[in-house]
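To start, the structure under review is shown below, and the notes come after it.
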């Protein structure tokens with residue numbers, strides 16, 4: 001049976017950056033929370049869009065030849081097949097939704113594990 005999930009409580013359990021943690025399953029997707037700081041490598045997902053909801057702080061999403069600031073409370077979706085990277089000098093917190101089994105880098109060899117919390 002489903003229970004409410006407190007995002008702040010889940011994020012308080014995370015002390016690392018770029019390390020997504022699964023907090024729920026939604027249809028064939030994983031709902032994750034993560035803390036980011038610095039630059040993630042440019043990457044793409046051939047078969048799926050990449051969903052970001054900034055919960056706290058602000059990031060910049062570099063997507064091909066443009067950069068988009070994304071503030072707390074805003075969503076950014078990187079379309080499938082489009083090279084992108086999130087970045088920020090300061091720590092920010094994000095909710096991600098990805099299909100189950102989709103590597104966060106688009107490549108299983110370089111992907112982070114996704115522990116459940």
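The values are calculated or read from the model by the stated rules, or taken from the named source; none is laboratory data. Worth saying up front: this structure is predicted, and the values here are computed from it rather than measured. For neighbour counting, all protein chains shown are included, and Cβ atoms are generated from backbone atoms with ideal geometry for every residue, glycine included.
For residue 19, only one of the following conditions fails: (1) farther than 13 Å from residue 102 by Cβ; (2) free of Cβ contacts under 8 Å to residues at least 40 places away in the same chain. What is its number?
(2)
State yes or no: is residue 52 in contact with a strand residue (DSSP E or B) (Cβ under 8 Å, 6 or more places away or on another chain) and surrounded by 19 or more Cβ atoms within 10 Å (Cβ to Cβ)? Talk me through it step by step, then tell me what you get.
Working: in contact with a strand residue (DSSP E or B) (Cβ under 8 Å, 6 or more places away or on another chain): yes; surrounded by 19 or more Cβ atoms within 10 Å (Cβ to Cβ): yes.
Yes, satisfied.
Against the condition closer than 26 Å to residue 101 by Cβ and either over 15 Å from the mean Cα position of the chain (by Cα) or modelled with pLDDT of 95 or more (or both), how does residue 62 come out, does it pass?
Working: closer than 26 Å to residue 101 by Cβ: yes; either over 15 Å from the mean Cα position of the chain (by Cα) or modelled with pLDDT of 95 or more (or both): yes.
So residue 62 passes the test.
Surrounded by 10 or more Cβ atoms within 10 Å (Cβ to Cβ), free of Cβ contacts under 8 Å to residues at least 40 places away in the same chain and part of a loop (DSSP other than H, G, I, E, B): does that describe residue 14?
No, not satisfied.
Report, by residue number, each residue of segment 68-95 that is free of Cβ contacts under 8 Å to residues at least 40 places away in the same chain, in a strand (DSSP E or B) and surrounded by 12 or more Cβ atoms within 10 Å (Cβ to Cβ).
The answer is 68, 69, 70, 76, 77, 78.
Would a scan of segment 42-49 turn up a residue that is part of a loop (DSSP other than H, G, I, E, B), more than 24 Å from residue 82 (Cα to Cα) and out of contact with any strand residue (DSSP E or B) (no Cβ under 9 Å at 6 or more places or on another chain)?
Taking every residue of segment 42-49 in turn, none turns out to be part of a loop (DSSP other than H, G, I, E, B), more than 24 Å from residue 82 (Cα to Cα) and out of contact with any strand residue (DSSP E or B) (no Cβ under 9 Å at 6 or more places or on another chain).
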